[in-house]
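So the structure is just underneath, and the comments pick up after that.
The values are calculated or read from the model by the stated rules, or taken from the named source; none is laboratory data. This structure is a prediction, so every number in the text was calculated from the model and none was measured. Backbone-built Cβ (ideal geometry, glycine too); neighbour counts: all protein chains shown.
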Amino acid sequence: MSAPIIEAIETRILDVPLIRPHGFATFTANEQPILLVQVRLSDGAEGFGEGVVPGGAWWGGETVETMQVIIEKYLAPATIGRKASEISGIVHDWERHVANMRFAKAGLEIALFDAYARSLNIPLADLLGGKFRDSLDCTWALGVLPLDEAVAEVEERIASHGHKSFKLKMGSGDPATDVSRIAELVDALEGRVSFRIDINARWDRLTSLRFLPVLAEAGVELFEQPTPADDLDTLREITQRIGVPVMADESVCSPADALAVVQKQAADVIAIKTTKLGGLLDSKKTAAIAETAGLACHGATSLEGPFGTAASLHFCASTPAVTYGTELFGPMLLKETYVENDIEYRDGKVFVPEGPGTGLNPDWDQIKKFTRK
Ligand code: MUC
Ligand code: MG
């Protein structure tokens, strides 16, 4: 039986409020803009993807507005009319029309995968090699917060969802002040949970070599992207000299970037975001490169909503190399959802949704409520 044809591609920008402000190194988000990408096939099946960056243009340069233009004006015309089963060929051909713009490509590629999986009435993971696991550890991330608020939030998340691991955003203030805030928080929890930090590439070499050992001494278990993405020599020096595992995030936005990190031995863990990597196919390639070199993979987030998070969960469920847990908490940071059946989080874990495609179905009343006018 011939595969259905891709008939229509629609996008809409959702502005979804957060449960609290989320402070990054150079930006504080009060809501999360999400480009909802909808694909309809000739057999009536519909798939959903999300174009999402962590808060805005500061992270990687793309935004929901740029993603909408790239998808509607350039990628969609090169996709409509093709067979839904030809995803790898469609994604390959996109390179003739659009260079880079990986967050935009991810939103459409994932919607194509979701639509085709629903057409076949199988879980998305079955198009990615099948499920290897049904749940994964889920780290909770705190934005930049005063100590008392941070302690209160950690205690609340332990009680409500059993989180055992917490990520702390840094890099926004004076390094010495930032570091003492983190050291006090780690000390206050007395080893009951583990802490990692993400500086979002904002420290230079000297600051890193001076202050990361203080965080190591305080008991921080992982350093995420302390220094600029392109400086793999400094990332390698930090990895080799300090002895706390280093995770590459901004340094790895493509399989080629992963190969460069492997060749330089610049990190111990690679943050796999299906968004920054352009979708599920290049996420699989990136994980394969990491695994072959003995690096661990982490299921990372760009603060996607339910559809994007579910797609990343299906990726992590079907990729044995994701051995360093996840931070796929995005839907819990949103004040309200826009799907009928939410992702399940409990006991410090997140569970892969069951059902065809991502397993989630749209709540159109909520989508209309959040759609930007
Ligand atoms: C990032 O850089 O890791 C993931 C969690 C969070 O708080 O920030 C995002 C982006
Ligand atoms: Mg990061």
Checklist entry - Mind checking which residues of the stretch 41-66 are aliphatic (A, V, I, L, M) and surrounded by 24 or more Cβ atoms within 10 Å (Cβ to Cβ)? => result Val52, Val53, Val64
Checklist entry - Mind checking which pairs have a first residue in the stretch 233-248 that is over 17 Å from Leu206 (Cα atoms) and of a type in the set (Asp, Glu) and a second that is within 16 Å of ligand 1 (Cβ to nearest atom) and at pLDDT below 95, Cβ under 7 Å, 6 or more apart or different chains? => result none
Checklist outcome for this item: Considering residues that are in contact with a Ser or Thr (Cβ under 6 Å, 6 or more places away or on another chain), assigned to a helix (DSSP H, G or I) and over 30 Å from Phe166 (Cβ atoms), the number found within the stretch 114-145 is 1
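Restricting to strands (runs of 3 or more DSSP E) lying wholly in the stretch 269-373: which have 2 or more residues that are of a type outside the set (Lys, Arg) and either in contact (Cβ under 8 Å) with a residue 24 or more places away in the chain or within 16 Å of ligand 2 (Cβ to nearest atom) (or both)?
Working: elements: 269-272, 296-299, 344-346, 349-351.
Of the strands (runs of 3 or more DSSP E) lying wholly inside the stretch 269-373, those with at least 2 residues that are of a type outside the set (Lys, Arg) and either in contact (Cβ under 8 Å) with a residue 24 or more places away in the chain or within 16 Å of ligand 2 (Cβ to nearest atom) (or both) span 269-272, 296-299, 349-351.
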Item to check | Selection from the stretch 178-218 of residues that are assigned to a loop (DSSP other than H, G, I, E, B) and either under 26 Å from Trp58 (Cα atoms) or within 25 Å of the chain's Cα centre (by Cα) (or both) | outcome: Val193, Ile199, Asn200, Ala201, Arg202, Trp203, Asp204
Checklist entry - Restricting attention to the stretch 219-236, and to residues there that are assigned to a helix (DSSP H, G or I) and buried (at least 17 other Cβ atoms within 10 Å of the Cβ), which single residue is nearest to ligand 1 (Cβ to nearest atom)? => result Leu235
Next on the checklist: Is it the case, given these coordinates, that Glu327 is of a type in the set (Asp, Glu) and over 16 Å from the mean Cα position of the chain (by Cα)?
Outcome noted: no
Checklist entry - Quick one: what pairs do we get from the stretch 215-228, first residue farther than 17 Å from Arg181 by Cβ and away from ligand 2 (no atom under 15 Å from the Cβ), second assigned to a helix (DSSP H, G or I) and among the β-branched types (Val, Ile, Thr), C-beta under 6 Å, 6+ apart or different chains? => result none
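Identify all residues within the stretch 239-255 that are over 23 Å from Thr326 (Cα atoms) and either within 16 Å of ligand 2 (Cβ to nearest atom) or touching a Leu at 6+ places or on another chain (Cβ under 9 Å) (or both); write none if there are none. First the steps, then the outcome.
Of all residues in the stretch 239-255, those over 23 Å from Thr326 (Cα atoms) come to 240-242.
Arg241, Ile242, listed by residue number.
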Checklist entry - So, in the stretch 259-268, of the ones that are assigned to a helix (DSSP H, G or I) and out of contact with any strand residue (DSSP E or B) (no Cβ under 6 Å at 6 or more places or on another chain), which residue ends up surrounded by the fewest Cβ atoms within 10 Å (Cβ to Cβ)? => result Gln263
